[in-house]
């Protein structure tokens, strides 16, 4: 995952949590943890080259169901930096899936779940651009950002401990989470899923259990 990234157009701003979910325990709700890897940070110039999604069901990562696609961007030229960071070369992305054809599969995969991501507004900003390119609009979906949950941890639960800031890999190392390949959409989604479950555990110890309370802390309002 990239760290600080440029935001894109936000069609689903201030999406409210449905009433039937507000009293639910977070451990009883299904989540789709999303990560996108891009050729750069500017939604006007760069594109998604891979996307990964990991499911969390009843408080556990469900490895039996996952989503990973390499996408074919309109601009096929891959910089040396992109090849080194993502491990995807020109031939790999040239053989990738048409992004417009991927969208229906993605929508089907993540429907009826809460979206989760780390700095997720950027991932969804690039997805919004794909939908717009196809004269479509991304379905509205409640979304949590582990970045905001980590900010809550730093403000309320760190208790003087040395902390790692907001970078995904650094946070994962601080919490002794499993180590996976960085800058790979599926494995970054898996790392984010592990982080999210750790954050839910920390919040539960602080008496924060319901999806409504967690959503009020971690919801992404810019997507």
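The values are calculated or read from the model by the stated rules, or taken from the named source; none is laboratory data. All values derive from a computational prediction rather than experimental measurement. Note that each Cβ is placed from the backbone with ideal geometry, even for glycine, and that neighbours are counted across all protein chains shown.
Number of residues in the range 27-50 that are closer than 25 Å to residue 202 by Cα and out of contact with any strand residue (DSSP E or B) (no Cβ under 7 Å at 6 or more places or on another chain): the value is 2. For residue 213, the conditions (1) within 21 Å of residue 141 (Cβ to Cβ); (2) surrounded by 20 or more Cβ atoms within 10 Å (Cβ to Cβ); (3) at pLDDT 95 or above all hold with the exception of (2).
When 146, 221 are checked against the criterion of being within 24 Å of residue 17 (Cβ to Cβ) and surrounded by 17 or more Cβ atoms within 10 Å (Cβ to Cβ), a single residue qualifies: 146.
Would you confirm whether or not the range 183-204 contains a residue that is more than 18 Å from residue 31 (Cβ to Cβ) and surrounded by fewer than 18 Cβ atoms within 10 Å (Cβ to Cβ)?
no
Put simply, of 82, 12 the only residue that is more than 22 Å from residue 144 (Cβ to Cβ), surrounded by 15 or more Cβ atoms within 10 Å (Cβ to Cβ), out of contact with any helix residue (DSSP H, G or I) (no Cβ under 7 Å at 6 or more places or on another chain) and at pLDDT below 90 is 82. Residue 130 fulfils the conditions (1) surrounded by 19 or more Cβ atoms within 10 Å (Cβ to Cβ); (2) at pLDDT 95 or above; (3) in contact with a strand residue (DSSP E or B) (Cβ under 8 Å, 6 or more places away or on another chain) except for a single criterion, (2).
Every residue, every condition in (1) in contact with a strand residue (DSSP E or B) (Cβ under 9 Å, 6 or more places away or on another chain); (2) modelled with pLDDT of 95 or more; (3) at positive phi; (4) surrounded by fewer than 14 Cβ atoms within 10 Å (Cβ to Cβ), yes or no:
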site: 52; (1), (2), (3), (4): yes, yes, no, no
site: 75; (1), (2), (3), (4): no, no, no, yes
site: 101; (1), (2), (3), (4): no, no, no, yes
site: 108; (1), (2), (3), (4): no, yes, no, yes
site: 115; (1), (2), (3), (4): yes, yes, no, no
site: 123; (1), (2), (3), (4): yes, yes, no, no
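Of the numbered criteria (1) modelled with pLDDT of 95 or more; (2) within 19 Å of residue 123 (Cβ to Cβ), the one residue 29 fails is (2).
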